[in-house]
Amino acid sequence: MTFSDLGLSPEVLRAVEESGYAKPTPIQAQAIPVVLMGRDVLGCAQTGTGKTASFTLPMIDILASGRARARMPRSLIIEPTRELATQVSESFERYGQYHKLNMALLIGGESFADQEKKLDRGVDVLIATPGRLIDLFERGKILLSDVKVLVIDEADRMLDMGFIPDVERIVSLLPKIRQTLFFSATMPPEIRRLADAFLMNPKEITVAPPASPAATVTQGMAIVDEMEKREALRRLIRSEDVKNAVIFCNRKKDVDILWKSLAKHGFDAAALHGDMSQPKRTETLERFKANEIRLLVASDVAARGLDIANLSHVFNFDVPIHPEDYVHRIGRTGRAGREGRAFTLATPDDGKFVEAITKLIGKDIPPIVIEGIEPLQFDPEAGRGRRRRGTRSDAKPAAERSARGRKRGQPAPAERSAEPVAEAEAANSADPVRDQPRREARERRKEPGAKPAREASRKQGRGQREHEGEERDEPVIAFGDHTPSFLLRPVRLPAAERKSLAKTGT
Ligand code: AMP
């Protein structure tokens, strides 16, 4: 099959040809004709499968006739992160170069004035992150009643980041009669429920098992001491022919520490995480894409879905908490049929997390030995009743807990804690702290129909925070001046106990 079999216009075909694509990927071959027919699509596809073009190419042709009115976009694409939104807008520019379509990108961290000016001129395609879109809607700068095509991309990531209530609110503002294209790398029940609510008789397209890394990615894992991870990484990088690599850490804090450490050891590295300002993030990404930086140390949210051509390596400095993140991370390499290499550094405490990953991907990650680094085993006792990254339910001191697998005399590894929610906020807004009351106000105003997802999303967010020890180190808060009424309720004791208390005079 070729692109010209799919029903696309000559202008779009020309742009595709200039992009150098020889033939459509499976998701493109299946989705493009269906989208051109005006049907809804439920696409189960991960990044790297060519899914962006599977919706942008037909959308360009659908939108080619007709004109946009001021502040009334004709199509809307919702993306979970600013980087993904930017990437999709770049695809639109590339594929739509022979059409006269107006596009606006609404993402946090950019000036409202410029975005409003664009909206005033009328846009055919609006690409937005949920928070900024709702902000502009609430300021009366945008009307969504003319949206004919809606794309919800990376729906499972939106769920992870707690954006589903916002997405539900946005969808409630759109016309009921529209075409909806819904993409998700995985289809957990909550995502399936949303798809059922948003789509009408969709064509379901699944292009790869949701949790399978590309076959072109060579994987490997070394179990090393927590305190030797940085040394192990340096040795690994030196031993590999690394053209460019993303190095994933679980915590934003570690992104900074690792980046500085690599830089100190003479590596050409930069950091990317949700706490950085948007201009800095954009600049770093641009430099990395232009091969001006070889190593990008990143957190999951910041790097989600980044499309960096020819990424030779991915390193997991930490084993990801959620097994699906492993697939997403290593999917940054080996894209579009190219070869890629992905290596993971695990510690003896990570057995349970690696087990979850191997269960998900259906095979073991081959062990590797890093020269000069002592290979260790997983500690079978680790993780029993313990909560990852900070909060542990066992009462043993850290030194005792982690002594197994650590060399004698070495200090206990720093406890892990994550800030996934804060990072998700940062991905979607200029200032997460400032935006928090607004987000909460939005939550309160949500329509009743959105309740189940909101609850699930909250529950999910709470679960994630608890799971990842976010509440660690918080002071224990007592009742203060307030005595709960249940404590004041009289209690009837059994007669024998009353007697014995009377005897002792208590
Ligand atoms: P995506 O899954 O949309 O993030 O796309 C992954 C990568 O595949 C991007 O770099 C695209 O430019 C590239 N790509 C998309 N479609 C094709 C195609 N038909 N042939 C080769 N590469 C493609």
Amide H neighbours of Met276 under 5 Å, counting only residues 5+ apart in sequence or on other chains, H built in-plane at 1.01 Å?
none
Taking amide H positions as placed 1.01 Å from N in the peptide plane, with prolines and chain starts having none, which residues 5 or more places from Arg71, or on another chain, fall under 5 Å of its amide H?
Asp120, Arg121, Gly122, Val123
Per residue of the stretch 348-361, what does 6.51 cos²θ - 1.76 cosθ + 1.60 with θ = phi - 60° give for ³J(HN,Hα)? Whole Hz please, x for Gly and Pro, Karplus curve as stated.
x, 7, 8, x, 4, 6, 5, 4, 4, 5, 5, 5, 5, 8
Cα-only Debye scattering, the stretch 46-136: base-10 log of I(q)/I(0) at q = 0.17, 0.21 Å⁻¹:
-0.68, -1.04
Long-range HN-HN contacts of Thr218 with modeled amide H, under 5 Å:
Gly340, Arg341, Ala342
With all protein chains present, how much of the accessible area of the stretch 317-375 (probe radius 1.4 Å) comes from carbon and sulfur, to the nearest whole percent?
53 percent
Quick one: 3J(HN,Hα) in Hz for the stretch 140-148, Karplus 6.51/-1.76/1.60 with θ = phi - 60°, rounded, Gly and Pro as x.
x, 8, 8, 10, 9, 7, 10, 6, 9
³J(HN,Hα), Karplus 6.51/-1.76/1.60, whole Hz, each residue of the stretch 69-86, x for Gly, Pro
9, 3, 6, 10, x, 8, 8, 9, 10, 9, 10, x, 10, 5, 5, 5, 4, 4
Probe 1.4 Å, all protein chains in place: accessible area of Tyr21 in Å², nearest 10?
80 Å²
With the other protein chains left in place, how much accessible area per residue, in square angstrom, belongs to the stretch 214-306 at a 1.4 angstrom probe?
38 Å²
Could you tell me which residue out of Leu233, Val147, Ala214 lies farthest along the dipole of the stretch 139-236 toward its positive end? Charges go on the beta carbon: Lys and Arg +1, Asp and Glu -1, centred on the Cα centre.
Val147
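The values are calculated or read from the model by the stated rules, or taken from the named source; none is laboratory data. Keep in mind it's a predicted model, so treat the numbers as computed, not measured. Glycine gets a Cβ as well: all are built from the backbone with ideal geometry, and neighbour counts include every protein chain shown. Just so you know, the surface numbers come from the protein's heavy atoms only, side chains and all, with ligands and any DNA or RNA stripped out. Shrake-Rupley method; radii C 1.70, N 1.55, O 1.52, S 1.80 Å.
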